[in-house]
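Single-structure report; data block below.
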Amino acid sequence: MWIAEKGGADANHFGGRLRTWRRHNNLKQAALAQMLGVSQAAVARWERGLDMPGPERFARLRTLMSGAMRDEFALERLFVSRQSAIRALYDVDGVRLVATSAGFRHFWPDFSAFLDLPMADRVVGESRAMLRDGALGYHIRNGTLGLISGVSDRHTDMQVDTAIRHRWHVCFRRHGARTLADVAYEACDPGLALGITDIVHLDQDGENWISSDSPA
């Protein structure tokens, strides 16, 4: 639950999520303001983290954002599950595996038993490093970090996660109030060094995606 503290860290976090959700759904500030019965300036202040909506409008926003997530989330599951490529879809909040492709199930046939179960305490290696990096987490959740690539042997300490040196690419997308991590896996040279190799994030103006070895 958000704490309605004007100008605080929670307001900044909420503002980032609201802005990302609105843009993802091609909704202009003026249209959202009309839906909520407020001015466009009020929506702009929420998105900038300068203010928070009152309890009634906050509840309405949560309903709007979670409703959009549910519809699109079901389609994302179906889309990923039908593919022969090695892909998996994770809910970043709670670190839950929510969908696996046919290719993923071929290489890790027992992993699907862990669908929808929290996995944060089982994550290891580069995935664990990402989860524990506060700066990365902040940029992922406010929508300013879009893509991370790396090389790993495994991502959990579970026996079903067979150790195979591979390259991976994870794309972060907002769905309503949640962040989804869409991960693609591919074979690589077994001699490649382990680690995060590339991070793609928005520039300071929030207009262009740029690549670097650290978040903005």
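Some notes on this structure:
- Measuring nothing but alpha carbons in region 9-53 and taking Rh as the Kirkwood radius, the Rg to Rh ratio lands at 0.94.
- Rg(Cα)/(2.2 N^0.38 Å) for region 137-216, N = residue count: 1.21
- Note on region 83-133: Kirkwood hydrodynamic radius from all Cα pairs is 11.5 Å, rounded to one decimal.
- Given charges at beta-carbon only (K, R positive; D, E negative), |dipole| of the chain in Debye: 740 debye
- Values of log10 I(q)/I(0), in the order q = 0.16, 0.17, 0.21 Å⁻¹, for region 27-144 under a Debye, Cα-only, solvent-free model: -0.94, -1.00, -1.18
- Quarter of the Cα convex hull surface for the chain, i.e. its orientation-mean projected area (nm²): 12.2 nm²
- Gaussian network model of the chain, Cα within-10 Å springs - most flexible of 27, 147, 131: 27
- Mean residue ellipticity (222 nm) of the chain, computed from DSSP H runs ≥ 4 via -39,500 (n - 2.57), nearest 500: -11500 deg cm²/dmol
No value in this document is a laboratory result; all are computed from the given coordinates. Note that this is a predicted model, so its numbers are computed, not measured. Because the Cβ atoms are built from the backbone with ideal geometry, glycine has one as well, and the counts that use them run over all protein chains shown.
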